[in-house]
Structures are given as structure tokens and as C-alpha cells.
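What follows is one structure encoded as C-alpha cells, with my remarks underneath.
The values are calculated or read from the model by the stated rules, or taken from the named source; none is laboratory data. Given the structure is predicted, the values throughout are model-derived calculations rather than measurements. Please note: Cβ atoms are built from the backbone with ideal geometry, for glycine as well, and neighbour counts cover all protein chains shown. Please note that ligands, DNA and RNA were not included when accessible areas were found on the heavy atoms of the full protein model with its side chains. Shrake-Rupley method; radii C 1.70, N 1.55, O 1.52, S 1.80 Å.
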Amino acid sequence: MPEEKESTSIPLSQAEDNASCDDPEDPAKSPPNSPNSSTRRACCFVLQSWFSKKFMTGCVVLFPVAVTFFITWWFIQFVDGFFSPIYSRLGIDIFGLGFITSLAFVFLIGVFVSSWIGGTVFWIGEWFIKQMPLVRHIYSASKQISAAISPDQNTTAFKEVAIIRHPRVGEYAFGFITSTVILQKENEDEELCSVFVPTNHLYIGDILLVNSKDVIRPNLSIREGIEIIVSGGMTMPQLISPVERVTRPNERILNRIG
């Protein structure tokens, strides 16, 4: 009877273990990296980090310059477009001439409106605009903003920049003093300041009546306050100090009466 051949089969689990041991891609069994490759990777990482940092620095520096140049160029072309077609019909093609003419036109309008006749004509035109249903709201809002930065500082302009405690104790808000009002009480009268606190850039906000003693008047001009609010606080000075309050003539009269 012939001898049975010896079985040479290997269990499946043992075969998988042997295959994994012979796998050269196994990180546990792969040979260690050489010092040159580690140094090369570290150098590549340092160069990539340095390049990314310098590139972002360049973007941060050039972004405001590019935005300023773009807006300035767009503004010059926009203003130049008012009078440049007139010069084109006359055969004069000089870039910037329409822009200079527009500036001169705005200056002459300011001189004309400052006179009595110009003020009367402007008042009549403003009356017609205020009769229009939708246009009057847009005109009123834009006029309030322009009056706030007007050099005339009329009665509708912002008086002072104010800092008040709002909305909770320990929190402060920027605002503008628009007017003052005397609140009559049984014991004594109380002077309140009408403070406009913008909540959406500059043209939408809340009107708060705050005691004049609780209003902090910083050493900031109206334009500086507007820049702080429009820029989202990015132009905030590092040091703000309150200014001494100057007694106005009506306050002196009230003090004498009291």
C-alpha cells in the first residue's frame, strides 16, 4: 500500500501572518527613514511656512492700497463722466478735465447756496423733494448724514461724540449728542442728552435720553467718531480721555434762575 503524502497545507491565518511579515509597505516592518530624508522634509516645511507667511503679509499690505486705488480711480472716472461728454462734442479730449470741471461746479454750488438767493432756491427745491412719497425718506436720511459732517454745524448736526453705559453695566457704546432737553420734576429739573447710538453703520440707530452727568465726552471730533463707527472700531485710538465740559449760555441762565 503506497504511503500517503505528507500534507503541506498551511492554515489561512498563518498564511496571512506570513504575508504581513513579508509586506515591505508595512510601516512597522519597513526600514527606518534616513537622516537626509528627515532633514529634507523639515527644510521643505520651513520654506513652505515662510513662503505662506510672507505671501499673506504681502496681501495684507497691498489689499488696502489696491482698494484705495480702485475706489479713487472709479470715483475719478465717475465724476469725470458728468462733463467729459460735453468736452467730447466740442472736440476736446483731455482726461481729467471733466473731473476738474465737476469739482469747480460743486464749489460754485456751495457758494451759490450760501447766498440768500441760492438758499431760497434750494429751499423751494427741497420742499418739492419732500412731497414725493419714497424719495423724501431717502433724502431725509442722506441729509442727516451729510449734516452730521457739515462744516456749518447747524442745528441738525451731531453736537459731540459721547460714550454712554449701554446696554448693561460695565459695557459702553459710542454715540452722538444731537440735542439736550430739560425734564421737569417735582423736586428739581434734570438735564437729559439725546444720544444717537448707531446700530447699523450710521443711518439707523437708537435714540437714548441719558442724564448729562452720566455722558462721557471723549476727546474725539465728530469725523473721528464717524470713522470709528463706519470702520467697525478699527480706527479706535489706543487712548481715550474725557474732555472738560464747557458750560453753555443756557446752562448759566438756568443756574442763575435756580
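In table form, for the structure just shown:
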quantity: Contacts under 6 angstrom Cβ, first residue in the range 125-144 being within 21 Å of residue 109 (Cα to Cα), partner open to solvent by 90 Å² or more (accessible area, probe 1.4 Å) and in a helix (DSSP H, G or I), 6 or more apart; calculated: 130/136
quantity: Tabulated pairs, the range 232-244, first surrounded by 11 or more Cβ atoms within 10 Å (Cβ to Cβ), second assigned to a loop (DSSP other than H, G, I, E, B) and among the basic types (Lys, Arg), C-beta under 6 angstrom, 6+ apart or interchain; calculated: 242/217; 243/217
quantity: Residues of the range 162-193 that turn out to be surrounded by fewer than 17 Cβ atoms within 10 Å (Cβ to Cβ) and small (Gly, Ala, Ser), as a count; calculated: 2
quantity: Leading residue by the ranking (nearest to residue 142 (Cα to Cα)) among those in the range 167-188 that are at pLDDT below 85 and either in contact with a helix residue (DSSP H, G or I) (Cβ under 8 Å, 6 or more places away or on another chain) or outside any strand (DSSP E or B) (or both); calculated: 167
quantity: Among (1) modelled with pLDDT under 85; (2) touching a strand residue (DSSP E or B) at 6+ places or on another chain (Cβ under 6 Å), the one test that residue 203 misses; calculated: (2)
quantity: Tabulated pairs, the range 151-179, first within 17 Å of residue 228 (Cα to Cα), second outside any strand (DSSP E or B) and modelled with pLDDT under 80, C-beta under 6 angstrom, 6+ apart or interchain; calculated: 158/148; 176/158
